[in-house]
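Quick note: the coordinates plus some simple rules give every number you see, no bench work behind them. Just so it is clear, the structure is predicted and the values come from calculations on it, not from any experiment. Reconstructed Cβ throughout: ideal geometry from the backbone, glycine too, with neighbour counts over all protein chains shown.
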Amino acid sequence: MNTNYNCIQILKLIKTNLEDNIEWGEENVYGDMNIVQNQDSMLTELKQKISKCRKCNLGNERINIVFGVGNSNASLMLIGEAPGYEEDHQGEPFVGKAGQLLTKIINAIGYNRQDIYITNIVKCHPMKNIINCNKRDNNRPPTIYEINHCMQYLEKQIDIIKPKIIVTLGSSATKGLLNIDVNISIVRGTIMKYKNIIVIPTYHPAALLRNNNLKKYVWADMKQIRKYLLL
Ligand code: SF4
């Protein structure tokens, strides 16, 4: 008799727990997973669409489209200038020396590359001289024409990911995203807005490789970025 009573009580407890999970936990968890799956598939669809893009001259010069990598539901989105030689060959942003430094910077504020989303203001490799396409130091910043033609893809990426904070790396990314003519040394670390999203510009890691003195400014900006992420 006692054993039967205990079994019934245990079954009632399990039933209550399952109902609680459905009401408070699992529905929410599955809801979030659905959002992430949706964001993943929307990004995949956009990437496929862009893969054939020839809207500007860079489309005829690239090896690979460099779309972006990372968490489709990221709170932090980093936007660089454009793919370089390594990125063009591998189809992934920030994989060269500047990319390795960027990974260290991200790790220093407690994040991994997989936690955040990384892309560029243009998706194809701008070269100084397309005849020298196999030379590593043949990169150049994108022109306003190239940025304007590519911007709609970045806008869609931002609409899908909905980051809490965007960090623009360098002048081209900051000018392109915010549509303003600025000097990165003046606006770095300033809180700006793109639609309703906080934008904090800082130096491009390639600039740090050329000038070690800039590291202290980037570190100050990254501490500020971490503070806003934790709010
Ligand atoms: S840079 Fe952008 S707009 Fe130009 S061809 Fe590549 S994807 Fe298209």
In order over region 212-223: 3J(HN,Hα) from phi, Karplus 6.51/-1.76/1.60, θ = phi - 60°, whole Hz, x for each Gly or Pro, gives 4, 5, 7, 4, 5, 6, 5, 4, 4, 5, 5, 5
Label model pair Asn183, Trp219: point-to-point distance (7 angstrom along the Cα→beta-carbon line) in nm is 2.5 nm
For region 168-184, take each phi angle, set θ = phi - 60°, evaluate the Karplus expression 6.51 cos²θ - 1.76 cosθ + 1.60, and give the result in whole Hz per residue in order, putting x for glycine and proline.
8, 9, x, 5, 4, 5, 5, 4, x, 5, 9, 6, 9, 9, 10, 9, 4
Based on the Cβ-Cβ distance of Thr143 and Asn34, what FRET efficiency does E = 1/(1 + (r/R0)^6) give at R0 = 45 Å, to the nearest 0.05?
0.65
Under-5 Å amide H pairs with Tyr194, H placed in peptide plane, nonlocal only:
Val199
At a 10 Å Cβ-Cβ cut-off, how would you order Cys56, Cys124, Cys133, Cys150, fewest neighbours first?
Cys133, Cys56, Cys150, Cys124
Scoring only Lys, Arg, Asp and Glu (+1, +1, -1, -1) among other residues with Cβ under 12 Å from the Cβ of Phe67 yields +2
Net charge near Lys97 (other residues with Cβ under 14 Å of its Cβ; Lys, Arg +1; Asp, Glu -1) is 0
Net charge near Ser185, counting Lys/Arg +1 and Asp/Glu -1 over other residues with Cβ under 15 Å of its Cβ?
+3
Within region 55-143, chymotrypsin sites (Phe, Trp or Tyr not before Pro) in DSSP loop having at most 16 other beta-carbon neighbours inside 10 Å
none
Could you give the angle, 0 to 90 degrees to the nearest 10, between helix 97-108's Cα long axis and the longest principal axis of the Cα atoms of the chain?
40 degrees
